[in-house]
1. From the list Thr66, Thr86, Thr91, Thr113, pick out the single residue that is more than 19 Å from Val9 (Cβ to Cβ), modelled with pLDDT of 95 or more and of a type in the set (Ser, Thr, Tyr).
2. Every residue in region 98-132 that is farther than 29 Å from Gly47 by Cα and either in contact (Cβ under 8 Å) with a residue 40 or more places away in the chain or touching an Asp or Glu at 6+ places or on another chain (Cβ under 7 Å) (or both), please.
3. Output the number of the condition that Ile118 fails; it satisfies all remaining conditions of (1) more than 13 Å from Met1 (Cβ to Cβ); (2) β-branched (Val, Ile, Thr); (3) touching a Phe, Trp or Tyr at 6+ places or on another chain (Cβ under 6 Å).
4. Checking the conditions here, which among Val95, Val87, Val135 is in contact (Cβ under 8 Å) with a residue 12 or more places away in the chain and farther than 25 Å from Gly19 by Cβ?
5. Can you say whether Ser6 is closer than 19 Å to Trp114 by Cβ and either touching a residue at least 40 places away in the same chain (Cβ under 8 Å) or exposed (fewer than 12 other Cβ atoms within 10 Å of the Cβ) (or both), as far as the supplied structure shows?
6. Do you know which residues across region 30-45 are hydrophobic (A, V, I, L, M, F, W, C) and over 10 Å from the mean Cα position of the chain (by Cα)?
7. Answer yes if at least one residue in region 37-54 is touching a Leu at 6+ places or on another chain (Cβ under 8 Å), loosely packed, with under 15 Cβ neighbours inside 10 Å and of a type outside the set (A, V, I, L, M, F, W, C), and no otherwise.
Amino acid sequence: MMLCDSAQVADGKLYILGGGWSLTGPDPMPSAVAMKVDVGWHEAGSGHHWELYLEDADGQPVMVQTPDGTHPVEVRGEFHVARPDTVPEGTPIDVALAVNLGPLPLPSGNRFTWRLTIDGDAREDWALGFTTRPVLEA
């Protein structure tokens, strides 16, 4: 996983612009999460559900105002992987995912973490932390 300014997937590859940062703001800015998932050979041929959640420094969901009320910042999706004929049996299969986000109204001078789950499984290294810069007094 990588934080970036924007990302897209084409022909199974990630194309990343402004990648690898962990400090943003203080003003809301567009951002993206680029992900490369290694799917086990035995897990190919079936659908997989992923969820990405934004948490604050206390591990609580980040809430934002929407036209439908206050909601947590989260993104969900599905992917399906087929076993390629051209790779040896047992080889993990690459899946590229890109989640582009509009400017999020996050408080300045705070720490946040994107957490990923796949098929309900969460791992400690499936997390991306970042900090919003404090507002500088003029």
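The values are calculated or read from the model by the stated rules, or taken from the named source; none is laboratory data. Small disclaimer: the values here were computed from a predicted structure and weren't measured. In this analysis, Cβ positions are derived from the backbone assuming ideal geometry, glycine residues included, and neighbour counts consider all displayed protein chains.
1. On the way: Thr66 fails: modelled with pLDDT of 95 or more; Thr86 fails: modelled with pLDDT of 95 or more; Thr91 fails: modelled with pLDDT of 95 or more.
Of the residues listed, the single one that is more than 19 Å from Val9 (Cβ to Cβ), modelled with pLDDT of 95 or more and of a type in the set (Ser, Thr, Tyr) is Thr113.
2. Pro103, Leu104, Pro105, Leu106, Ser108, Gly109, Asn110, Arg111, Phe112, Phe130, Thr131, Thr132
3. With (1) more than 13 Å from Met1 (Cβ to Cβ); (2) β-branched (Val, Ile, Thr); (3) touching a Phe, Trp or Tyr at 6+ places or on another chain (Cβ under 6 Å) applied to Ile118, the lone miss is (1).
4. Details: Val95 fails: farther than 25 Å from Gly19 by Cβ; Val87 fails: in contact (Cβ under 8 Å) with a residue 12 or more places away in the chain.
Just a single option satisfies the conditions, and that option is Val135.
5. Details: closer than 19 Å to Trp114 by Cβ: yes; either touching a residue at least 40 places away in the same chain (Cβ under 8 Å) or exposed (fewer than 12 other Cβ atoms within 10 Å of the Cβ) (or both): yes.
For Ser6, the condition - closer than 19 Å to Trp114 by Cβ and either touching a residue at least 40 places away in the same chain (Cβ under 8 Å) or exposed (fewer than 12 other Cβ atoms within 10 Å of the Cβ) (or both) - is met.
6. Applying the first criterion (hydrophobic (A, V, I, L, M, F, W, C)) to region 30-45 yields 32-35, 37, 39, 41, 44.
Once the filter is applied, which keeps residues that are hydrophobic (A, V, I, L, M, F, W, C) and over 10 Å from the mean Cα position of the chain (by Cα), region 30-45 yields Val37, Val39, Trp41, Ala44.
7. Looking through region 37-54, none of the residues is touching a Leu at 6+ places or on another chain (Cβ under 8 Å), loosely packed, with under 15 Cβ neighbours inside 10 Å and of a type outside the set (A, V, I, L, M, F, W, C).
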